[in-house]
Amino acid sequence: MSRMHRNGPIALLFHTLVVGFVLAPLVVICLVAFTPANTLTLPTTQVSLRWFAAVFEHPDFVASFLNSLWVAAIAATIAVVLAVAAGLALDRYDFRGRAALNALFLSPLMIPHLVLGVALLRLFALLGATGSLVWLTAGHIVVVAPYVLRLVLAALSGLDRSAEQAAVTLGASSWIVFRRITVPMILPGITGGWLLAFINSFDELTMSIFITSPATVTLPVRMYMYATESIDPMMAAVSALMIAVTAAAMLLLDRIFGLDKILVGQG
Amino acid sequence: MGFLTLDGLTKRYGEAAAVSDVSLGVAKGEFISLLGPSGCGKTTTLQMIAGLVEPSAGRITLDGRDITHEKPDRRGLGIVFQSYALFPHMTVAQNVSFGLEMRKVPRAERDTRVKQALALVQLAALADRYPRQLSGGQRQRVAVARALVIDPPVLLLDEPLSNLDAKLREEMQFELRGIQRRVGTTTIMVTHDQSEALSMSDRVVVMEQGRIMQVDAPYRLYESPATPFISTFVGKMNRLPGVWRQGGIEAGGRLLPCDGAGLAEGAAAVLAIRPEKIGLTAPGGGVIDGCIKARFFLGSAWFFTVETSAGLVGVSLPNAGAEPACEGEAVGLAWSSASAKAGRPEGVLSA
Amino acid sequence: MSSARAGTTPWLLAAPGALLFTALVLVPLVLTFVLSFHVYDTASGVKDETTLAHYATILTDSYFLNIFWRTLRLAALTTMLCATIGAPEAYILSRMGEPWRSIFLLAIIGPLLVSVVVRAFGWSMLLGPTGLVNEVFRALGLGTVKILYTETAIVIALVHVMLPFMVIPVWTSLQKLDPMVEAAAWTLGASRFTALRRVVLPQVTTGLLSGSLVVFGLSASAFAIPALLGGRRLKMAATLVYDEYMHELNWPLGAAIAILVLVINLVIMLAYQRVVEARARRTLG
Ligand SMILES: Nc1ncnc2c1ncn2[C@@H]1O[C@H](COP(=O)(O)OP(=O)(O)O)[C@@H](O)[C@H]1O
Ligand SMILES: [Mg+2]
């Protein structure tokens with residue numbers, strides 16, 4: 001960048017304030033989580049891990065964490081399988097109903113999670129499936145699959161088809177072409193999509209709050225319930241743990257795909 | 001009947017025909033070029049041979065076997081794509097080995113054959129690199145090795161050199177031809193570069209708008225282009241319009257000597273002559289006089305544009321080591337009547 | 001080039017997903033739509049008779065109208081604040097050199113991936129009576145200010161949550177902008193401000209617009225922020241639906257509100273697509 005393109009002092013001050021604003025709540029959480037006190041105060045003289053320990057001794061939080069982990073991992077995995085298959089259909093073929101199918105697959109991005117939540121609640125109530133982790137996971141698949149589909153479609157459209165043709169002329173069957181050429185070539189899209197799906201499912205609150213039952217409460221729902229009842233530093237400790245998990249996934253995403261590409265370059 | 005024959009091969013996309021009625025016999029071990037401007041249907045023809053595009057009509061036979069509707073993965077032809085289409089997630093050796101794996105060649109034999117193929121294209125040292133770590137020319141050679149390692153009956157090359165820079169392209173022309181000679185594989189190469197086609201092939205197939213216009217050895221193609229289009233597409237050609245008189249064409253107030261079998265006295269005609277068949281003399285010493293408008297130095301040759309009363313004439317002279325006539329100088333143009341041919345203005349330019 | 005030999009293959013590939021999405025998106029939406037016309041009775045619950053009463057109630061009762069008005073107002077305010085903060089920030093980011101640009105872009109849009117409950121909780125700590133903000137106020141001699149459980153708290157947190165959705169599209173359109181275009185304006189005698197206004201701004205309008213619509217839509221249907229920072233009394237559309245479903249147990253009424261939220265959202269999304277397409281046509285054609 002040339003000198004002319006540098007930001008001036010006012011711009012930098014503005015930028016500092018914005019970054020401060022964005023990071024402030026996260027930083028405060030991470031600090032308060034280490035407080036030795038019983039109230040939400042910043043640790044001033046010493047730090048303590050007692051609230052982290054409390055989280056792991058709290059059976060509800062542990063159970064919810066495991067629920068979330070299970071739901072997010074399964075939902076992300078199934079979403080990837082569905083999205084790769086659907087992505088191939090949408091990218092490779094011209095068929096009637098293609099546009100409608102595309103709209104159907106991306107529709108959860110346009111429907112507020114609140115609406116999806118009450119809609120699924122109605123369905124599950126009619127099916128008698130409200131307490132089921134399987135149906136909860138199915139709901140999550142629907143919410144996260146569009147993210148994967150977008151990345152898979154981007155990867156497929158950027159793929160050099162002649163590599164697949166080359167494999168065919170070298171004697172590979174379509175299944176082998178898919179497994180040995182197509183999948184490895186769109187692997188960044190698949191991995192990025194899985195991680196993005198995992199994070200989104202792991203964080204999802206608004207839809208889940210309608211369709212979880214006491215046995216299937218996920219971590220964000222548990223945290224929401226906890227936060228509306230009592231506020232003690234344990235909440236900060238759980239939040240800090242979630243920030244840590246998210247940050248780890250984020251760094252991984254950044255390595256694999258470039259986070260800015262995943263979040264910004266949506267097509 | 002050749003080793004590989006195309007019989008009335010046609011490909012239509014909707015109404016438009018990308019390839020119409022292409023018939024061709026290719027002898028075993030022959031190197032054939034499909035030459036033509038962009039969009040004339042070369043790639044489509046090649047892909048029909050490869051089985052990647054389904055022909056609308058026509059037949060393809062290989063060694064007497066009809067392969068028109070055989071799946072591409074069963075034809076066993078070697079193909080080098082314009083983009084090379086290397087597998088980016090595999091090393092050079094893995095790329096080359098892929099076709100052998102598909103053929104279930106045992107491990108040990110596979111390794112030897114991969115080594116041989118890489119040695120053939122002089123890439124033995126780079127076997128463990130990934131495609132992105134290679135230069136354009138090296139990638140190109142990996143693609144050739146990958147296509148040749150399976151011992152294909154026919155090697156298909158789609159503009160194999162077009163992604164290389166000029167210098168490398170020239171080197172690879174000779175190298176590719178050398179490899180083909182050594183291995184003896186029947187080869188069909190698609191190109192839009194006439195010099196590439198002329199220098200590498202046993203025979204050149206010129207295509208225009210999906211049709212074959214001429215099939216000939218490079219030298220004959222150059223000397224006897226079948227159509228005005230070919231005469232200007234393959235090499236340079238001066239075309240001077242005039243009127244046929246006994247022994248030559250009258251143009252610009254001069255009688256320009258040339259061959260003109262079958263033309264009627266007084267008929268409109270065009271004189272065609274290649275720039276390198278014209279010599280420069282002192283004014284009045286040739287068949288027509290002119291003035292040098294522009295002069296270009298091409299290294300091995302000089303190229304002049306000479307303004308004459310019959311029109312602009314391009315002249316090419318070998319570089320003899322001394323500086324020739326300059327721009328603005330008056331000169332005479334000389335040629336033997338055997339090296340210039342007269343033809344009808346539109347239609348076929350005979351010989 | 002997409003292979004034209006369609007046949008049944010694409011349908012086989014898309015079928016599992018299509019079935020799941022039909023079963024878990026389309027069918028439930030239709031069920032909810034139908035539910036919103038059912039009669040509800042406190043004693044016996046949902047009845048089989050149909051009625052338009054829920055929609056009538058929502059559109060006439062001042063309790064609901066107030067909440068809808070607040071929802072629209074706060075969403076609009078959030079959108080405006082996001083635009084005035086997010087657009088300049090995206091511009092500043094785009095003018096930074098590496099590696100700062102990537103680092104700060106990550107810092108600004110990364111929190112998008114942190115659960116909204118966590119972020120809401122962070123703000124409730126900052127804005128509470130004993131929070132950092134009030135400590136600063138007290139240190140400045142301003143006394144304690146009630147922020148938590150006010151509309152201010154909701155808007156602050158909404159802006160925080162929605163900012164990435166504004167920065168991303170503006171950033172994207174700035175990326176497409178040739179950086180030399182602005183320099184070209186300077187060489188033609190434009191001041192920095194004129195260059196910004198006449199050359200840069202028109203090119204990022206699409207980004208700004210799409211960001212605004214997304215932010216508005218998401219803010220208007222936000223749940224966690226008003227629930228955690230608005231307290232029991234300051235309701236927005238989403239928390240209202242939650243109450244109807246979970247506390248009042250009047251599902252048909254809740255369904256009617258949810259349908260309205262959905263309709264508003266879809267209208268915004270469609271308007272957005274229209275605008276983007278129209279702009280694309282104008283700039284291309
Ligand atoms: N899949 C396709 N669908 C429609 N038209 C095509 C397709 N492939 C090629 N064509 C048309 O067929 C003609 C020949 O194309 P091609 O064989 O690629 O030409 P070349 O390789 O000689 O440049 C072109 O006019 C091209 O537009
Ligand atoms: Mg081509």
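Select from segment B:1-21 the residues that are touching a Leu at 6+ places or on another chain (Cβ under 9 Å) and away from ligand 1 (no atom under 16 Å from the Cβ) and list them in ascending order.
Residues satisfying the conditions are B:G2, B:F3, B:L4, B:T5, B:D7.
Looking at B:E276, B:E307, B:E327, B:E250 in this structure, which one is of a type in the set (D, E), surrounded by fewer than 13 Cβ atoms within 10 Å (Cβ to Cβ) and more than 12 Å from B:A340 (Cβ to Cβ)? Walk me through how you get there before you give the answer.
Values: B:E276 fails: surrounded by fewer than 13 Cβ atoms within 10 Å (Cβ to Cβ); B:E307 fails: surrounded by fewer than 13 Cβ atoms within 10 Å (Cβ to Cβ); B:E250 fails: surrounded by fewer than 13 Cβ atoms within 10 Å (Cβ to Cβ).
One residue alone meets the criteria, B:E327.
What's the total number of residues in segment C:92-132 that are assigned to a loop (DSSP other than H, G, I, E, B), under 26 Å from A:L12 (Cα atoms) and out of contact with any Asp or Glu (no Cβ under 9 Å at 6 or more places or on another chain)? Don't jump to the end; show me each part of the working.
So in segment C:92-132, the residues assigned to a loop (DSSP other than H, G, I, E, B) come out as C:95-99, C:114-115, C:128-131.
Narrowing the set further to residues that are under 26 Å from A:L12 (Cα atoms) leaves C:95-99, C:114.
Those left that are additionally out of contact with any Asp or Glu (no Cβ under 9 Å at 6 or more places or on another chain): C:95-99.
Going through segment C:92-132 one residue at a time, the tally reaches 5.
Does segment A:43-101 hold any residues that are under 16 Å from the mean Cα position of the chain (by Cα), hydroxyl-bearing (S, T, Y) and within 13 Å of chain C (Cβ to nearest Cβ), and which are they?
A:S68
All but one of (1) under 30 Å from C:M236 (Cβ atoms); (2) in contact (Cβ under 8 Å) with a residue 24 or more places away in the chain hold for C:S94, so report the exception by its number.
For C:S94, the exception is condition (1).
Quick check on segment C:252-259. Is at least one of its residues at the interface with chain A (Cβ under 9 Å from one of its Cβ atoms) and without any contact (Cβ under 8 Å) to a residue 12 or more places away in the chain?
No.
Determine whether C:E135 is among the acidic types (D, E), part of a helix (DSSP H, G or I) and out of contact with any Gly (no Cβ under 9 Å at 6 or more places or on another chain).
Numbers: among the acidic types (D, E): yes; part of a helix (DSSP H, G or I): yes; out of contact with any Gly (no Cβ under 9 Å at 6 or more places or on another chain): yes.
For C:E135, the condition - among the acidic types (D, E), part of a helix (DSSP H, G or I) and out of contact with any Gly (no Cβ under 9 Å at 6 or more places or on another chain) - is met.
What is the residue count in segment B:136-154 for residues that are farther than 17 Å from B:A85 by Cβ and in a loop (DSSP other than H, G, I, E, B)? Don't jump to the end; show me each part of the working.
So the first thing to find is which residues in segment B:136-154 are farther than 17 Å from B:A85 by Cβ, and the list is B:151, B:153-154.
Okay, now just the ones that are also in a loop (DSSP other than H, G, I, E, B), so B:151, B:153.
Number of matching residues: 2.
Can you pull out the residues in segment B:184-204 that are assigned to a strand (DSSP E or B) and within 14 Å of ligand 2 (Cβ to nearest atom)? Before you say what the answer is, go through the steps one by one.
Going residue by residue through segment B:184-204, those that are assigned to a strand (DSSP E or B) are B:186-191, B:203-204.
Once the filter is applied, which keeps residues that are assigned to a strand (DSSP E or B) and within 14 Å of ligand 2 (Cβ to nearest atom), segment B:184-204 yields B:I188, B:M189, B:V190, B:T191.
Being within 14 Å of chain B (Cβ to nearest Cβ) and at positive phi is true for just one of A:G171, A:G158. Which residue is that? Steps first, answer last, please.
Working: A:G158 fails: at positive phi.
That would be A:G171, the only listed residue that is within 14 Å of chain B (Cβ to nearest Cβ) and at positive phi.
Does A:L120 satisfy the criteria of being at the interface with chain C (Cβ under 9 Å from one of its Cβ atoms) and within 27 Å of C:G254 (Cβ to Cβ)? Write out each step before concluding.
Values: at the interface with chain C (Cβ under 9 Å from one of its Cβ atoms): yes; within 27 Å of C:G254 (Cβ to Cβ): yes.
In short, yes.
Grab the strands (runs of 3 or more DSSP E) fully contained in segment B:1-101, keeping just those with 3 or more residues being in the same structural domain as B:M207 (by TED's automatic domain parsing), surrounded by fewer than 23 Cβ atoms within 10 Å (Cβ to Cβ) and more than 16 Å from ligand 2 (Cβ to nearest atom).
Numbers: elements: B:4-13, B:16-26, B:31-35, B:57-62, B:78-80.
Because the criterion is at least 3 residues that are in the same structural domain as B:M207 (by TED's automatic domain parsing), surrounded by fewer than 23 Cβ atoms within 10 Å (Cβ to Cβ) and more than 16 Å from ligand 2 (Cβ to nearest atom), the strands (runs of 3 or more DSSP E) in segment B:1-101 that meet it are B:4-13, B:16-26, B:57-62.
What helices (runs of 4 or more DSSP H), lying completely within segment C:162-238, carry at least 1 residues that are touching a residue at least 12 places away in the same chain (Cβ under 8 Å), closer than 24 Å to C:I92 by Cβ and among the aromatic types (F, W, Y)?
Details: elements: C:179-187, C:192-195, C:201-220, C:224-229.
Ranges flagged: C:201-220.
Being of a type outside the set (A, V, I, L, M, F, W, C) and surrounded by 16 or more Cβ atoms within 10 Å (Cβ to Cβ) is the filter here, so list the residues in segment C:58-87 that pass it.
Just the residues of segment C:58-87 that are of a type outside the set (A, V, I, L, M, F, W, C), to begin with: C:60-63, C:66, C:70-71, C:73, C:78-79, C:84, C:86.
Result: C:R70, C:T71, C:T78, C:T79, C:G86.
When you check A:V148 against the structure, is it within 14 Å of chain B (Cβ to nearest Cβ) and either surrounded by 24 or more Cβ atoms within 10 Å (Cβ to Cβ) or modelled with pLDDT of 90 or more (or both), yes or no? Spell out the reasoning first.
Working: within 14 Å of chain B (Cβ to nearest Cβ): no; either surrounded by 24 or more Cβ atoms within 10 Å (Cβ to Cβ) or modelled with pLDDT of 90 or more (or both): yes.
The answer is no for A:V148.
Can you pull out the helices (runs of 4 or more DSSP H) entirely within segment C:1-91 that have at least 3 residues that are within 11 Å of another protein chain (Cβ to nearest Cβ) and under 30 Å from A:V80 (Cβ atoms)? Steps first, answer last, please.
On the way: elements: C:9-21, C:27-35, C:53-60.
Correct list: C:9-21, C:27-35.
Being more than 12 Å from chain C (Cβ to nearest Cβ) and either surrounded by fewer than 22 Cβ atoms within 10 Å (Cβ to Cβ) or at positive phi (or both) is the filter here; which residues of segment A:191-229 pass it?
Scanning segment A:191-229 gives A:T191, A:S213, A:P214, A:A215.
Return the residue satisfying two criteria in turn: it lies in segment B:22-48 and is more than 16 Å from ligand 1 (Cβ to nearest atom) and in contact (Cβ under 8 Å) with a residue 40 or more places away in the chain, and of such residues it is nearest to the chain's Cα centre (by Cα). Walk me through how you get there before you give the answer.
Applying the first criterion (more than 16 Å from ligand 1 (Cβ to nearest atom)) to segment B:22-48 yields B:23, B:25-31.
Going one step further and asking which of them are in contact (Cβ under 8 Å) with a residue 40 or more places away in the chain, we end up with B:23, B:26-31.
Numbers: B:S23: 18, B:V26: 16, B:A27: 18, B:K28: 20, B:G29: 18, B:E30: 15, B:F31: 11 Å.
Within segment B:22-48, the match that is nearest to the chain's Cα centre (by Cα) is B:F31.
The values are calculated or read from the model by the stated rules, or taken from the named source; none is laboratory data. From a predicted model like this one, the values you see are computed outputs, not experimental measurements. When we count neighbours, we look across all protein chains shown, and the Cβ atoms used for this are built from the backbone with ideal geometry, even at glycine.
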